[in-house]
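K.L.:
I have a structure I would like to understand better, so I am pasting it below and will then ask my questions one at a time.
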There are 2 protein chains.
Amino acid sequence: LNAILLAMTGMEPETWVARLKALDPDRDVRAWPEVGNPQEIAYAMAWKPEPGALDGLSNLKAVFSLGAGVDALLAIDGLPDVPLVRVVDPDLTMRMSEYVVLNVLLHHRHMLRALDDQRARRWEPRDQPAASSVRVGILGLGELGLDAARKLTMMGFQVAGWSRSAKQRHGIATYFGEVGLKQMLGRTDILVVLLPLTPATTGIIDTVLLRGLARDGALGGPVLINAGRGGLQNEADVLAALDDGTLLAASLDVFVTEPLPESSPFWTHPKVIVTPHVGADSDPEALARYLMGQVHRFEAGEGLTNVVDRTAGY
Amino acid sequence: LNAILLAMTGMEPETWVARLKALDPDRDVRAWPEVGNPQEIAYAMAWKPEPGALDGLSNLKAVFSLGAGVDALLAIDGLPDVPLVRVVDPDLTMRMSEYVVLNVLLHHRHMLRALDDQRARRWEPRDQPAASSVRVGILGLGELGLDAARKLTMMGFQVAGWSRSAKQRHGIATYFGEVGLKQMLGRTDILVVLLPLTPATTGIIDTVLLRGLARDGALGGPVLINAGRGGLQNEADVLAALDDGTLLAASLDVFVTEPLPESSPFWTHPKVIVTPHVGADSDPEALARYLMGQVHRFEAGEGLTNVVDRTAGY
């Protein structure tokens, strides 16, 4: 029967049922908790599922994440031992690069200061380094990091990227491993974080990392842009770095606790741009096409793509 | 002798003398009003020269503008009848595209609203159109317009461009002439103005033009970005368009009167981003290399490039 079970919170399951059935009208698509006979479920599509929502699906063939990051799914106790598929969607990648290029340019062009000047009715042109004298370092060289790197290179920035394991990326200086991380930080004026959240990356943005950033750059101090996951950053360390001048400024789209609590000092920090985890909202239509495309190719015997390596965590 | 006369206001002539002599130590470089024997001046390099500063240079061979726009020089009564050379500098082009891409993304991602949300400690993710559903129209397809068009295309936007006379530009929908202008405006959500200021373009951004912009776009209303010259915009019309909803928002880097007077309503308008004519500051070192390169090629018999068509005004 190969039915699909949607197990999601914070999204509308009925809309998703309609969306998937529009692409495959004969498919049996069910929204948790209306599971019916659990043995008929072949695929689960999940976003922050309720505890136990994926239990007892004895004929399950794959779990599909509805988001790019799979850290929340991997954290589920008793996640079924079937292939876990993550989203690699050109639309999502384009949107993330919009966020990254926008925020790199915001800091490169000192827009926070420019907006202050505007509020004070101050006409004060200031010297401006060329992008070619500003070094951007990207943590994470998957689909998202690579696309951002290419676009920032085209904008004229000196771009380097770091990944856990060695990767060759045409046209970008690449670093890897512990030693490579220190090397890249030392030549980085604007740090863009696009890492997956795994046990190895949790809290990686801490005082030691931030103090390793270049201090001789054209912007007057290093800038942090976190578009990955809140869990990557030690928020006390980031705040301390902003306050003691280790960081010039930051753009934070993700936080340890979301929604960001009203009491968070990030909201009103003059050096911080806060956005509500909107770096890369996926287009639901594009996502639905991706998911059904995976199911159809799988059923045609072509196998699944973008299957998560559970040991690596992404 | 082929001496160079620097005739500039608002820049430091001594620094410029040193910069040019560093590239050509034997060259006689003079800063107005220390003209010496005017017959020895072969080249004038000018930026907003004092009235009369270019008079009586009987052996002058060329006037070089120190800025990309030559409208101020062309407005000089009795401008010597020698070739007038404008700046076409890859560094300046890159910087202008930074400004354009930054401001297009600012409005595309509704950053003014996001900054308001931040100030109010409001965590409110909102639906966001993809760049591929947003249409950017560029007025002016010279070096600056073309580079901006290419970069916006790469960011995923639907880009079109308009120029006075027909131009073929690979990968960009192009329009020209009066009819083409109306057509392009009708498919434009974000209008980027990079025109030269000429008698034909003065005041071109008026109520009629703004009302011709698309009203069915993904952003909820059209956006104006003027990075060209203040004289291109009828400022009363722009304000009225912002206030009556004809425009959703605007980024203005240039104004009819600069510095923008403290009394201008643009300063505090909630829909406007004001910057102090910093769209594309040229790197003085790059500019000096460009100017001396022109002089050296000219003296080697290779002729001048980027000579202004005085009838067209650019």
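The values are calculated or read from the model by the stated rules, or taken from the named source; none is laboratory data. If you're wondering where the values come from, they're calculated on a predicted model, not measured in any experiment. Cβ placement follows ideal geometry from the backbone for every residue including glycine, while neighbour counts extend to all protein chains displayed. For the accessible areas, the whole protein counts, side chains as well, though only heavy atoms, and no ligand, DNA or RNA atoms are used. Shrake-Rupley method; radii C 1.70, N 1.55, O 1.52, S 1.80 Å.
K.L.:
Mind listing the label-point distances from A:Ala300 to the same position on all other copies, shortest first, one decimal in nm, points 7 Å along Cα→Cβ?
P.N.:
For A:Ala300, the inter-copy label distances come out at 5.9 nm.
K.L.:
Further question on the same structure: Pick from B:Thr93, B:Thr207, B:Thr15: which residue has the top mean-square fluctuation in a GNM of chain B where Cα pairs under 10 Å get a spring?
P.N.:
B:Thr15
K.L.:
Can you compute the modelled spin-label distance between B:Asp244 and A:Asp26, with each label point 7 Å from Cα toward Cβ, in nm?
P.N.:
It is 5.8 nm.
K.L.:
Quick one: Debye curve from the C-alpha atoms of the range B:29-166, no solvent, what's log10 I(q)/I(0) at q = 0.11, 0.18 Å⁻¹?
P.N.:
Results for the range B:29-166 at q = 0.11, 0.18 Å⁻¹ read -0.62, -1.00.
K.L.:
Another one. In what order, largest first, do A:Asp24, B:Asp81 sit by accessible area if the probe radius is 1.4 Å? Mind showing how you got there, number by number?
P.N.:
Details: A:Asp24 25, B:Asp81 145 Å².
Largest accessible area first, the list is B:Asp81, A:Asp24.
K.L.:
Rounded to the nearest 10 Å², what accessible area does B:Asp28 show when all protein chains are kept and the probe is 1.4 Å?
P.N.:
For B:Asp28, solvent-accessible area is about 50 Å².
K.L.:
Return the sequence-ordered ³J(HN,Hα) values of the range B:160-175 in whole Hz as given by the Karplus equation 6.51 cos²θ - 1.76 cosθ + 1.60 applied to θ = phi - 60°, using x for Gly and Pro.
P.N.:
Those phi angles translate into 10, x, 10, 9, 4, 10, 4, 9, 9, 10, 4, x, 10, 5, 10, 10 Hz.
K.L.:
Can you give the local net charge around B:Glu34? Use residues other than it whose beta-carbon is closer than 14 angstrom to its beta-carbon, Lys and Arg +1, Asp and Glu -1. Mind dumping the intermediate values first?
P.N.:
Values: positive: B:Arg30; negative: B:Glu14, B:Asp28, B:Glu40, B:Glu50.
With Lys, Arg at +1 and Asp, Glu at -1, the neighbours total -3.
K.L.:
Can you compute the FRET efficiency between A:Ala75 and B:Thr268 using 1/(1 + (r/R0)^6), with r the Cβ-Cβ distance and R0 = 45 Å? Round to the nearest 0.05. Write down the numbers at each step before the final one.
P.N.:
Values: r = 47 Å, r/R0 = 1.05.
It comes to 0.45.
K.L.:
Would you mind giving the mean number of other chain beta-carbons within 10 Å of the Cβ of each residue in A:270-278, as a whole number? Could you put the intermediate results ahead of the total?
P.N.:
Details: counts 0, 0, 1, 4, 8, 8, 8, 2, 8.
Mean partner shielding for this stretch: 4.
K.L.:
Please arrange A:Lys182, B:Lys167 by accessible surface area, largest first, computed with a 1.4 Å probe and ligands excluded. Please list the in-between numbers first.
P.N.:
Values: A:Lys182 145, B:Lys167 65 Å².
Putting A:Lys182, B:Lys167 in descending order of accessible area: A:Lys182, B:Lys167.
K.L.:
Moving on. Please find the FRET efficiency linking A:Ala218 to A:Val179, where r is the Cβ-Cβ separation and R0 is fixed at 35 Å, and quote it to the nearest 0.05. Intermediate results must be reported in sequence, preceding the final value.
P.N.:
Details: r = 26 Å, r/R0 = 0.73.
The calculated FRET efficiency here is 0.85.
K.L.:
Taking A:Lys167 in one copy and the same position in all the others, each labelled 7 Å out along Cα→Cβ, what are the pairwise distances from the first, in nm, shortest first?
P.N.:
The answer, with the shortest distance listed first, is 3.7 nm.
K.L.:
Let me ask something else. By how many nm would the segment from B:Arg113 to B:Glu285 grow when fully extended, if each residue of separation counts as 0.36 nm and the alpha-carbon distance is taken off? Before the final figure, lay out each step's value.
P.N.:
Details: separation 172, 0.36 × 172 = 61.92 nm, distance 3.84 nm.
Answer, rounded to one decimal: 58.1 nm.
K.L.:
Report the net charge of residues surrounding B:Val208, where surrounding means a beta-carbon distance below 12 angstrom and charges are Lys +1, Arg +1, Asp -1, Glu -1.
P.N.:
Numbers: positive: B:Lys182, B:Arg211; negative: B:Glu178, B:Asp206, B:Asp237.
Summing Lys and Arg as +1 and Asp and Glu as -1 gives -1.
K.L.:
Would you look at the GNM of chain B, springs on alpha carbons closer than 10 Å, and say which of B:Gln233, B:Gln118, B:Gln39 moves the most?
P.N.:
B:Gln118
K.L.:
Excluding B:Asp147 itself, calculate the net charge of residues whose Cβ lies under 15 Å from the Cβ of B:Asp147, where each Lys or Arg counts +1 and each Asp or Glu counts -1. Kindly include the intermediate steps, with their values, before the conclusion.
P.N.:
Numbers: positive: A:Lys151, B:Arg95, B:Arg150, B:Lys151, B:Lys167, B:Arg169; negative: B:Asp89, B:Asp91, B:Glu98, B:Glu143.
Cβ neighbours under 15 Å give a net charge of +2.
K.L.:
Please go through the residue pairs B:Lys61/B:Lys151; A:Lys271/B:Lys271; A:Lys151/A:Lys182 and name each one whose alpha carbons sit more than 26 Å apart in this structure. List each step's numbers first, then the result.
P.N.:
On the way: B:Lys61/B:Lys151 37 Å; A:Lys271/B:Lys271 22 Å; A:Lys151/A:Lys182 24 Å.
Check vs 26 Å cut-off fails for B:Lys61/B:Lys151.
K.L.:
Helix-only estimate, please: 222 nm mean residue ellipticity of chain B, summing -39500 (n - 2.57) across DSSP H runs of length 4 or more and dividing by its residues, to the nearest 500.
P.N.:
Rounded to the nearest 500, it is -9000 deg cm²/dmol.
K.L.:
Amide H to amide H, which residues 5 or more places from A:Gly161 or on other chains are under 5 Å from it, using H placed in the peptide plane?
P.N.:
Long-range HN contacts for A:Gly161: A:Ile138, A:Ala173, A:Thr174, A:Tyr175.
K.L.:
What's the center-to-center distance, using Cα atoms, between the range B:152-222 and the range B:33-111 in Å?
P.N.:
Centre-to-centre (Cα) distance: 26 Å.
K.L.:
Another one. Rank B:Phe298, B:Phe266, B:Phe255 by mean-square fluctuation in a GNM of chain B with C-alpha springs under 10 angstrom and give only the top-ranked residue.
P.N.:
Highest fluctuation among the options: B:Phe298.
K.L.:
Another one. I'd like the mean, over residues of A:126-139, of how many other protein chain beta carbons sit within 10 Å of each residue's own Cβ.
P.N.:
On the way: counts 3, 4, 7, 3, 9, 5, 6, 1, 0, 0, 0, 0, 0, 0.
Average neighbour count from other chains, rounded to a whole number: 3.
K.L.:
If you take the beta carbon distance between B:Asp55 and B:Thr9 as r and set R0 to 22 Å, what does 1/(1 + (r/R0)^6) give as a FRET efficiency, to the nearest 0.05? Provide the component values of the computation, followed by the final result.
P.N.:
Details: r = 16 Å, r/R0 = 0.72.
Given R0 = 22 Å and the Cβ-Cβ separation, E is 0.85.
K.L.:
As a test of the definition: with a 1.4 Å probe, what buried accessible area, both sides summed, do you compute for A against B, in Å² to the nearest 100?
P.N.:
Details: alone 15090 and 15060 Å², together 25820 Å².
By this definition, chains A and B bury close to 4300 Å².
K.L.:
Would you mind checking the tilt of helix B:177-186 against the longest principal axis of the Cα atoms of chain B, expressed as 0 to 90 degrees and rounded to 10?
P.N.:
Tilt relative to chain B: about 40 degrees.
K.L.:
A further question follows. Report the far tail of the P(r) of the range B:46-98, meaning the percent of Cα-Cα pairs longer than 15 Å. Let's see the in-between values first.
P.N.:
Details: 682 of 1378 pairs.
That tail contains 49 percent of the Cα-Cα pairs.
K.L.:
Taking just the alpha-carbon atoms of the range B:158-314, what radius of gyration and Dmax come out, in angstrom?
P.N.:
So, for the range B:158-314, Rg and Dmax equal 18.0, 58 Å respectively.
K.L.:
Can you give me the three principal axis dimensions of the range B:1-96 from its C-alpha atoms, in Å, biggest first?
P.N.:
39, 33, 22 Å, listed from the longest principal axis down.
K.L.:
Please compute, for the alpha-carbon atoms of the protein assembly as shown, the extent along each of the three principal axes and give them in descending order in Å.
P.N.:
98, 55, 47
K.L.:
Which angle from 0 to 90°, rounded to the nearest 10, does the C-alpha axis of helix B:143-154 make with the longest principal axis of chain B?
P.N.:
Taking the Cα atoms of chain B, the angle to B:143-154 is about 30 degrees.
K.L.:
For A:Pro284, go 7 angstrom from Cα along the Cα-to-Cβ vector, then report the distances to that same point in the other copies in nm, smallest first.
P.N.:
The projected label point of A:Pro284 is separated from its counterparts by 5.6 nm.
K.L.:
While we're looking at this one, here's another question. Would you mind estimating how fast the range A:106-250 diffuses translationally, via Stokes-Einstein at 10 °C and 1.306 mPa s with the Kirkwood radius over Cα pairs, in µm²/s? Walk me through the intermediate numbers first.
P.N.:
Values: Rh = 15.6 Å.
My calculation gives 101 µm²/s for D.
K.L.:
Report the percentage of all Cα-Cα pairs in chain A whose separation exceeds 30 Å, rounded to a whole percent. Intermediate results must be reported in sequence, preceding the final value.
P.N.:
Working: 18989 of 49141 pairs.
Above the 30 Å cut-off, chain A has 39 percent of its Cα pairs.
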